[in-house]
Amino acid sequence: MRKYLYDYIKSIDDLLEKEKNIKEDVIKEHLIKIQFFQHERLIHLLVTLFYVMFMIIFIGLGAIFWGFIICGCMLLIFVLFYIFHYFKLENGVQYLYKQYDKMIEKQK
């Protein structure tokens with residue numbers, strides 16, 4: 001998903017450099033893409049929160065049996081990678097907002 005997002009960002013940046021006037025259809029398509037990426041961002045946020053919740057539960061259960069701490073540490077690794085992925089996704093979507101503002105300026 002990250003590659004798809006950044007490829008799309010690059011294509012819009014290229015379009016903004018080349019075109020002096022942006023068509024309404026391109027702007028509408030851009031808004032639809034933003035909605036798709038926002039949905040993807042929401043899903044990744046929820047998954048990240050559930051991973052964190054389970055990680056905390058497993059580490060807490062480590063007081064009962066040390067094997068839970070191992071599971072909690074494994075979940076910690078997943079959480080770190082998910083946070084990194086979510087960070088990239090969040091920054092990409094925020095950049096799409098800036099592109100939208102530039103498109104509106106070029107439409108006028």
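So that you can scan it fast, the table gives a plain yes or no per residue for (1) more than 30 Å from residue 14 (Cβ to Cβ); (2) surrounded by 12 or more Cβ atoms within 10 Å (Cβ to Cβ); (3) within 21 Å of the chain's Cα centre (by Cα):
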site: 63; (1), (2), (3): yes, no, no
site: 68; (1), (2), (3): yes, yes, no
site: 80; (1), (2), (3): yes, no, yes
site: 84; (1), (2), (3): no, no, yes
site: 95; (1), (2), (3): no, yes, yes
site: 100; (1), (2), (3): no, yes, yes
site: 106; (1), (2), (3): no, yes, no
Give me the pairs, please: first residue somewhere in the range 1-19 and farther than 20 Å from residue 105 by Cα, second residue anywhere and assigned to a helix (DSSP H, G or I) and aromatic (Phe, Trp, Tyr), beta-carbon distance under 7 Å, and either six or more positions apart or on two chains. 5/37
Going by the structure shown, is residue 49 touching a helix residue (DSSP H, G or I) at 6+ places or on another chain (Cβ under 9 Å) and either assigned to a helix (DSSP H, G or I) or surrounded by 15 or more Cβ atoms within 10 Å (Cβ to Cβ) (or both)? no
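Do you know which residues across the range 62-78 are among the aliphatic types (A, V, I, L, M) and in contact (Cβ under 8 Å) with a residue 24 or more places away in the chain?
75
Read the figures in this text as sums done on the coordinates, not as results from a lab. Given the structure is predicted, the values throughout are model-derived calculations rather than measurements. As a convention, Cβ positions derive from the backbone with ideal geometry for all residues, glycine included, and neighbour counts pool all protein chains shown.
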